[in-house]
Amino acid sequence: MKAEVKKTIEKYGNDKFRLMDILIDIQKENGYIPGEAITQIAEDFEMSEVDVEQTVSFYHFFSQKPTGKYAIFLNNSVVANMMGRAEVAATFMKELGIKFGEVTPDGSAGLFNTSCIGMNDQEPAAIINNRIFTRLTPFRVKEIVRDIREGKDVDEMNVQDWGDGENSSDLIRSVVSNNIRKIGPVLDRDFTAGQAIEKIIKLKPEEVIEEVKKSNMRGRGGAGFPTGLKWEFCRNAPGEKKYIFCNADEGEPGTFKDRVILTERPRLLFEGMVIAGYAVGASEGIVYVRYEYKYLEQHLEKILQQAREANYLGKNILGKKGFNFDIRIQFGAGAYVCGEESALIESAEGKRGEPRDRPPFPVEKGYHDMPTVVNNVETLCSVVKVILKGGEWYKSFGTNESTGTKLLSISGDCKFPGVYEVVWGFSVNDILDMVGAGKEDVQAVQVGGPSGALISPDEFNRTLGYEDLATGGSLIIIGKNRDILSGIVLNFMDFFIDESCGSCSTCRIVPTLMRNKLNKILNARGTQQDIDDLTEWGKILKASRCGLGQTAGNPILSSLKNFPALYEEKIQKNKSFDSGFDLNAAIKESAKATGRIPNF
Amino acid sequence: MSKPIIATTSLAGCFGCHMSVLDIDDRILELFELVEFNKSPINDIKKFTKKCDIGLIEGGCCNSENVHVLKDFREHCKILVSVGECAIMGGLPAMRNGIPIRECLEEAYLNGLTVVGNEERIIPNDPELPMLLDRVFPCHEVVKIDYFLPGCPPRADLIWDALVALISGDEMKLPYEVVKFD
Ligand SMILES: Cc1cc2nc3c(=O)[nH]c(=O)nc-3n(C[C@H](O)[C@H](O)[C@H](O)COP(=O)(O)O)c2cc1C
Ligand code: SF4
Ligand code: SF4
């Protein structure tokens, strides 16, 4: 173990800021991170063991106990459940003879839950030893378990056809489908690598920023910050080194468009990073990719290598003296909060993904405390087109406030789930038509993932854009036969509770209290008081440090606002107060432990 | 008008909150002028003999007995006040809430370093004993609580001011020092 750990540490240049990579390798090699490894790392880096351990314990895909030779992570997102996860989960449990969170006695397989893995258009899906298995059925599960028993390699377990496009290329070989349903100016194939770089090296960095500003384009990661302005801030911030981060954490349940870009248009993305690097004066770029997309690693590395060979990356790029820029890929290890830009930076520095206090913002003090731009995958891709065709051209799409196009990840109850590039300004109704969802069959649409809004048919005429319904691009269509409270809202609340980094007391506590209240209402013990409490308590969350906590009450608040009847029909009308306390339930465990029969 | 009637109890608490009531010093004489006490450890009345106006609750609920007493208070008192951290949040006793009750009992009666005797390895199970709850509950998760007085214990002045406000019906003064906890 000692030698193995030493070798891994050396592989990453004895750099303690690369702790994530070191741990990812150890986890992969052993199926868990043994205590000795933690001791060894702490010793080598002269850190305390708890400092290493706090990183290990923070991430979902790191484990301090063996996870089995085959570690099965079955998605339990809302859409997975809609698409039949329950039977798939039951079959896994039955065939393996274990429950979720357990490993078979012979150590061959472990079964775990995981939140949305970015495959909402092909659920139920699971990750087994970094390979993706989509569209699972009970039958397919039986086959997989049989293969596990035979000790087959995961790469040989895929009997379905490989997915479309690059998914079937040698370096990916995955059953994942792209499901690109609509192509617009950004996804358009009218791009060859190097084109935009040729153009910018003839411009001054300020001119590049000017062009981006002219396009009025806003970040596609959710917050919608003007991209040109962000770059300008970073360019003007003092610092001897600057960094460009691409945020490919894509953790908001329901989005998967960045996955499709990473699969089909990585050259476009990398070119966008080079442009950002030139504009800002950065020499290093880091793509922070969620662990769930680890299966794309070799593919991405190869394309980076090709770019280096063509001198799109490296020193004196395309002959431009002093223009040096290279990109490395940093994988996460399973934590939604790491999509928040300052948490992402913390994580890339090998620490717990805990958001920083802001200000200072990353553009002033980011990675290694140096000025850093963090941009979403789609933002960086769009920038390339802005450079190639001009800010004016870009502005000709969309609306005043929301220029250009948006990639939507659409899933749920519709005929054609997948990725759609649409110009801003479409109404929800338009989208429903486009994806083959009959209005009479749709009960609600979740716009922008759990942190967004659940809207009712009354609002389907609202338009997507920063003026009205802002969204990072996730749309989940919820059919008439779905139970919104128990099937969707509860799942989203669990998601936020699991993913809170725990730093703010508001975010750590209030969502749990709200979920408990929701459960009370679902158990027919609620009163009007509980509904009032939910509304009031939800407001407290705004005091949280980052967007996760600030929006963690939204599943309840937004369903309460738009579907009040769902709550009202479940509360007790004849009571003004019910604590929900049940003495018999409250002594259940203790009665068992003492062998007593309740005496009241 | 007859004097308002007060009842108090200590559930899963340390009696610190009651000590804080006594800490109002000589105002205790004034208090006895203002109010009449019913069930309370202060005068050792064990059972409610009449309906009360105000019930002060110290401590949360850690066993079935606490639950019964609390419900009894709710029935007999017009206004219930959770006094102190334990009543409001569970307090120190709630530190066991993260540990399964079986483990707590085994640690206390079977495996703990300070366990002596108990050769038969018995976890107390006499039917006369109250039954432990699986976790410690704050009072408002069991019955409706009307007011909360924070602190561990709430300082005597706060208790005094609260009582006076409840009795007089005037609004209570809550200066910054009283509600800041750092
Ligand atoms: C909890 C949380 C999760 C986030 N996840 C992502 C994400 O997965 N991808 C992303 O691009 N931005 C995410 N963001 C937004 C980022 O903080 C940041 O605003 C964004 O990456 C900036 O890029 P842009 O300007 O190109 O939009 C998240 C924010 C929060 C609060
Ligand atoms: S709001 Fe939640 S996730 Fe964000 S910093 Fe606070 S505790 Fe962490
Ligand atoms: S709040 Fe403090 S003083 Fe009051 S019972 Fe609890 S521990 Fe004792």
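A few notes on this one:
- Every residue from the stretch A:328-344 that is among the aliphatic types (A, V, I, L, M) and more than 10 Å from ligand 1 (Cβ to nearest atom): A:Ile329, A:Ala333
- Candidate set from the stretch A:114-128 (those that are in a loop (DSSP other than H, G, I, E, B) and not hydrophobic (A, V, I, L, M, F, W, C)); member that is farthest from A:Gly412 (Cα to Cα): A:Ser115
- In summary, A:Cys504 fulfils each of the numbered conditions (1) surrounded by fewer than 19 Cβ atoms within 10 Å (Cβ to Cβ); (2) touching a residue at least 40 places away in the same chain (Cβ under 8 Å) with the single exception of condition (1).
- Boolean, B:Glu141 is farther than 30 Å from A:Gln529 by Cα and surrounded by fewer than 18 Cβ atoms within 10 Å (Cβ to Cβ): no
- Residues of the stretch B:119-159 that are away from chain A (no Cβ under 14 Å) and either touching a Phe, Trp or Tyr at 6+ places or on another chain (Cβ under 6 Å) or within 22 Å of A:Ser590 (Cα to Cα) (or both): B:Glu119 alone.
- Here B:Val83 clears all of (1) within 13 Å of chain A (Cβ to nearest Cβ); (2) in contact with a Leu (Cβ under 6 Å, 6 or more places away or on another chain) except the condition numbered (1).
- Residue check for A:Pro238: outside the structural domain of A:Gln446 (by TED's automatic domain parsing), over 18 Å from A:Asn376 (Cβ atoms), at pLDDT 95 or above and out of contact with any Cys (no Cβ under 9 Å at 6 or more places or on another chain): yes
- Taking the numbered list (1) more than 30 Å from A:Glu4 (Cα to Cα); (2) surrounded by fewer than 20 Cβ atoms within 10 Å (Cβ to Cβ) in turn, A:Asn120 passes all entries but (2).
- Yes/no for B:Leu113 being within 13 Å of chain A (Cβ to nearest Cβ), more than 30 Å from B:Asp26 (Cα to Cα) and at pLDDT below 95: no
- All of A:Ile556, A:Ile597 fail the test of being out of contact with any Ser or Thr (no Cβ under 7 Å at 6 or more places or on another chain), surrounded by fewer than 18 Cβ atoms within 10 Å (Cβ to Cβ) and among the aliphatic types (A, V, I, L, M), apart from A:Ile597.
- Residue count for the stretch A:193-251 under the criterion of being within 8 Å of ligand 1 (Cβ to nearest atom), touching a residue at least 24 places away in the same chain (Cβ under 8 Å), assigned to a loop (DSSP other than H, G, I, E, B) and not aliphatic (A, V, I, L, M): the result is 8.
- Residue selected from the stretch A:314-361 under the condition within 25 Å of A:Tyr12 (Cβ to Cβ) and either more than 27 Å from the chain's Cα centre (by Cα) or not assigned by TED's automatic domain parsing to the domain that holds A:Ile201 (or both), by the criterion farthest from ligand 2 (Cβ to nearest atom): A:Lys315
- Condition check for B:Pro100: at pLDDT 95 or above and within 11 Å of another protein chain (Cβ to nearest Cβ): yes
- Complete set of residues in the stretch A:457-497 that are surrounded by 19 or more Cβ atoms within 10 Å (Cβ to Cβ), out of contact with any Gly (no Cβ under 7 Å at 6 or more places or on another chain) and small (Gly, Ala, Ser): A:Gly473
- Tallying residues that are free of Cβ contacts under 8 Å to residues at least 24 places away in the same chain and either over 30 Å from the mean Cα position of the chain (by Cα) or facing chain B (nearest Cβ under 9 Å) (or both) within the stretch A:547-600 yields 25.
- Leading residue by the ranking (nearest to ligand 1 (Cβ to nearest atom)) among those in the stretch A:513-535 that are within 29 Å of the chain's Cα centre (by Cα), surrounded by fewer than 16 Cβ atoms within 10 Å (Cβ to Cβ) and within 14 Å of chain B (Cβ to nearest Cβ): A:Leu513
- Qualifying residue in the stretch A:387-402 (condition: within 13 Å of ligand 1 (Cβ to nearest atom), away from chain B (no Cβ under 14 Å), within 21 Å of A:Ile183 (Cβ to Cβ) and buried (at least 24 other Cβ atoms within 10 Å of the Cβ)): no
The values are calculated or read from the model by the stated rules, or taken from the named source; none is laboratory data. Keep in mind that what you see is a predicted model, and the values were worked out from it rather than measured. Neighbour counts are summed over all protein chains in view; Cβ atoms, including those assigned to glycine, are modelled from backbone coordinates with ideal geometry.
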